[in-house]
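Following: one structure in structure tokens, then a few remarks.
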Amino acid sequence: MNSEWPIVRLGDLVDSCLGKMLDAKKNKGVNQPYLGNSNVRWGNFHLTDLAEMRFEPKEEARYSLEPGDLVVCEGGEPGRCAIWTGEKGMKIQKALHRIRPKAALNNYYLFYWFLNSAKTGLLEPYFTGTTIKHLTGKAVAALELPLPPLSVQVATVEVLKPLDDRITLLRETNKTLESIAQAIFKSWFMDFDPVRAKMEGRQPEGMDEETAALFPDSFEKSEVGLIPKGWVVGEVKDLGEVICGKTPATRNSEYYGNEIPFVTIPDMHNNLLITTTNRSLSKKGADSQSKKYLRKGSICISCIATPGLVSQITSEAQTNQQINSVVPFAKWGDNFTLFTLRLIGEAVKSAGSGGSVFHNLSKSRFETLTTLLPDTLCAQTFNLTVTPIIEKITINQYQIQSLSDIRDTLLPRLISGQLRLPEAQEKVESALS
């Protein structure tokens, strides 16, 4: 049990270092991709469009990752971490710690210790800073944790990791499903494949005659270039009612309860659909902010700090003031509006990365962003076409949440030694069956 396990300093059980300082003037060597804070999520990595910096040969060993290394955020959300399973050689920036456990400590067990410690507040006494928290290298070394025998560590991982493996598989399935829906949207509303086919006298591929008849057979000039004849250039506010969120005063506890989900930007990372969130507003809170109410199917887009994230809510919800939302008009439908806003979100992220005004996207600016508005029957047909895909993604998302809840229930009891491993294994097998 936990009371029998020795308390040890993490620094005695690992080899760790911070990544390289980003300094374009001083850095030398060859440009290589690297991970920053935003690339590290809990248990996984976001590896799209990695930035690059110069690294010299003498820096390879210090700043390169090896499979099995634990990568831990120094700031942002200090302690957030994931185990690197990619190829050897990926670099890290100074916002991250590379932690390489020695023989007495299992790397996945350490990951689960960090996850539990972050959820229970055990890391907070080690943070420095008031407004912006940091977990320094000195603090990492000073972290204290109970150290069960290696066999117990491995057995604990064997209980928890199958849950995360299933979660990873479901996420990968959802990404595949999402890419299928995205490909249909791109073909119809970005590349205009049906229109081009009809111009050439061909039947559009993968489309029945009834659907093909909804598309024009020619283009016309517009302020944004050639667009299908009869379609128009509009603005985001033409898609639906635009609502900017608001955070109720936390001093008034009656505004917080367990009924209406309260969406924040962290809920939106890598999530096409939001099924549940880490914070809630009560019904009374919703009544007091009736103008901020979002129905199921509304689409949220982040507008501050990390602008351009887009997610659809699967239940009624509200958001904080960092998020603009669109409640779609019936004539466009939820799914067409979702993928249209994802296209706009990508443009916002690209512009924001260059330090433009999109770094802070106000409601007035957001609702006037340009978008292409097709024939409404085309939009409605797209909605019907991708609805089965979105429904499958939603089912998988709820299963992900269920498995995550089981893991988070077992985690503190296993880490503390309060739950017998056979009992925990039985619960996991039942959940995965």
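Across D208, D49, D69, D375, the residue with the most accessible area heads the list, and the full order at a 1.4 Å probe is D49, D208, D375, D69. Within the straight-line cut-off of under 14 Å between alpha carbons, the aspartates and glutamates reachable from K133 are E74, E77, E124, sequence neighbours fewer than 8 places apart in one chain being disregarded. Ordered from highest to lowest accessible area with the whole protein assembly present and a 1.4 Å probe, E158, E210 read as E210, E158. Quick one, which of (i) 21.9, 69; (ii) 24.4, 79; (iii) 20.1, 64 is the actual Rg and Dmax of the Cα atoms in Å calculated for this model? Recomputing Rg and Dmax of the Cα atoms in Å here picks out (ii). What angle, in degrees between 0 and 90 and rounded to the nearest 10, separates the Cα long axis of helix 150-189 from the longest principal axis of the Cα atoms of the chain? Between helix and principal axis, roughly 10 degrees.
Computed per residue of the chain from DSSP H runs no shorter than four, each worth -39500 (n - 2.57), the mean residue ellipticity at 222 nm is -11500 deg cm²/dmol. Other residues lying with their Cβ under 13 Å from the Cβ of Q312 contribute a combined charge of -2, Lys and Arg counting +1, Asp and Glu -1. Taking a straight line from the alpha carbon of K26, these lysines sit under 20 Å away, with near neighbours fewer than eight places off in the same chain left out: K58, K91, K94. Shape of the stretch 10-50 from the C-alpha gyration tensor: oblate (a/c of 1.5 or more and a/b not above b/c, with a ≥ b ≥ c the square roots of its eigenvalues).
Here the calculated FRET efficiency for L384 and E59, from their Cβ-Cβ distance with R0 = 56 Å, stands at 0.55, rounded to the nearest 0.05.
Taking the stretch 109-141 and a reference point 7 angstrom along Cα→Cβ of K102, the backbone N atoms nearer than 19 Å belong to 109-111, 137-141. Taking 7 Å steps out from each Cα toward its Cβ at L47 and E66 produces label points 1.9 nm apart.
With a cut-off of 17 Å on the backbone N, the residues of the stretch 63-84 near the modelled label site 7 Å out from S38 along Cα-Cβ are 73-78. Excluding R54 itself, calculate the net charge of residues whose Cβ lies under 13 Å from the Cβ of R54, where each Lys or Arg counts +1 and each Asp or Glu counts -1. Once all neighbours under 13 Å are counted, the net charge is +1. Packing, as the average of other Cβ atoms within 10 Å across residues, places the peptides 151-157, 425-431 in the order 151-157, 425-431, highest first. Give, as ranges by residue number, the residues of the stretch 45-59 whose backbone N falls under 12 Å from the point 7 Å along Cα→Cβ of K28. Answer for the stretch 45-59: 55-59.
Stretching K221 away from V154 to a fully extended chain increases their span by 17.7 nm, per 0.36 nm per residue minus the current alpha-carbon distance. Between C17 and N270, the FRET efficiency estimated from the beta carbon spacing at R0 = 41 angstrom works out to 0.90. The long axis of helix 421-432 is offset from the longest Cα principal axis of the chain by roughly 10 degrees. For the chain, the longest principal axis of the Cα atoms and the long axis of helix 376-416 meet at an angle of about 10 degrees. Local charge for A141 was computed over the other residues whose Cβ lies under 14 Å away, with Lys and Arg +1 and Asp and Glu -1, and equals +1.
When the square roots of the Cα gyration tensor eigenvalues are ordered a ≥ b ≥ c, the ratio a/c for the stretch 142-275 is 1.5 or more and a/b does not exceed b/c, which makes its shape oblate.
Explain nothing, just the number: relative contact order of the chain, from Cα pairs under 8 Å at least 6 residues apart, as a whole percent.
15 percent
The values are calculated or read from the model by the stated rules, or taken from the named source; none is laboratory data. Everything numeric in this text was worked out from a predicted model, so none of it was measured. FYI the Cβ positions are ideal-geometry reconstructions off the backbone, even for glycines, and counts take in every protein chain you see. All accessible areas refer to the heavy atoms of the entire protein, side chains included, with ligands and DNA or RNA removed. Shrake-Rupley method; radii C 1.70, N 1.55, O 1.52, S 1.80 Å.
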